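One structure is given below, encoded as structure tokens.
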Amino acid sequence: MEHARVAVTPEAAELLRRLRAEHGPLMFHQSGGCCDGSAPMCYPAGEFRTGGSDVHLGDLDVDGEAVPVWMSAAQHEYWKHTHLTIDVVRGRGSGFSLEAPEGVRFLIRSRLLTDDELTAFGLV
């Protein structure tokens, strides 16, 4: 059984399809800092430069195309025992994230990893 750290809701996947059609390949980053840092930020792939202080959580599969999901290492320390699902809700998001003009915002829904997932990810 394959375990994933990240997932996407059907509603968020639909928005990602529309954003990808307009902006090309996409990526997410969550910093945990100010300026909506608690929300996942969607950028054109490569526009946000990741580095050694970022953790690649995995890729969302949207119609066979990968959407990488990154998180700052400091934020990951708080969330490393959780599975994250990217969802979308109505409301104002960050001006930096691609969905802002759409009147919606991405958000993270989390749950604790199961014992099997913790083992698979080497966290126990």
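The values are calculated or read from the model by the stated rules, or taken from the named source; none is laboratory data. As the structure is a computational prediction, the values presented were derived from the model and not from experiment. Note that each Cβ is placed from the backbone with ideal geometry, even for glycine, and that neighbours are counted across all protein chains shown. When the accessible area is computed, the model is the full protein with side chains, heavy atoms only, and any ligands, DNA or RNA have been set aside. Shrake-Rupley method; radii C 1.70, N 1.55, O 1.52, S 1.80 Å.
Select, from GLU77, GLU47, GLU11, GLU2, the only residue that is within 24 Å of GLU117 (Cα to Cα), modelled with pLDDT of 90 or more and not hydroxyl-bearing (Ser, Thr, Tyr).
Working: GLU47 fails: within 24 Å of GLU117 (Cα to Cα); GLU11 fails: within 24 Å of GLU117 (Cα to Cα); GLU2 fails: modelled with pLDDT of 90 or more.
Just one listed residue meets the conditions, GLU77.
Return a yes/no flag: does the stretch 8-29 have any residue that is part of a strand (DSSP E or B), open to solvent by 30 Å² or more (accessible area, probe 1.4 Å) and touching a residue at least 24 places away in the same chain (Cβ under 8 Å).
Yes, the stretch 8-29 contains at least one residue that is part of a strand (DSSP E or B), open to solvent by 30 Å² or more (accessible area, probe 1.4 Å) and touching a residue at least 24 places away in the same chain (Cβ under 8 Å).
Quick one: count up the residues across the stretch 77-112 that are in contact with a Ser or Thr (Cβ under 8 Å, 6 or more places away or on another chain) and either closer than 21 Å to LEU19 by Cα or touching a residue at least 40 places away in the same chain (Cβ under 8 Å) (or both).
The number of residues fulfilling the criteria is 11.
Every residue, every condition in (1) surrounded by 13 or more Cβ atoms within 10 Å (Cβ to Cβ); (2) part of a strand (DSSP E or B), yes or no:
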| position | (1), (2) |
| --- | --- |
| ARG49 | no, no |
| GLY52 | no, no |
| VAL55 | yes, yes |
| GLU77 | no, no |
| ILE86 | yes, yes |
| ARG92 | no, no |
| PHE106 | yes, yes |
| GLU117 | yes, no |
| LEU123 | no, no |
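Residue check: is GLY64 touching a Gly at 6+ places or on another chain (Cβ under 8 Å), on the phi > 0 side of the Ramachandran plot, of a type outside the set (D, E, K, R) and loosely packed, with under 13 Cβ neighbours inside 10 Å?
No.
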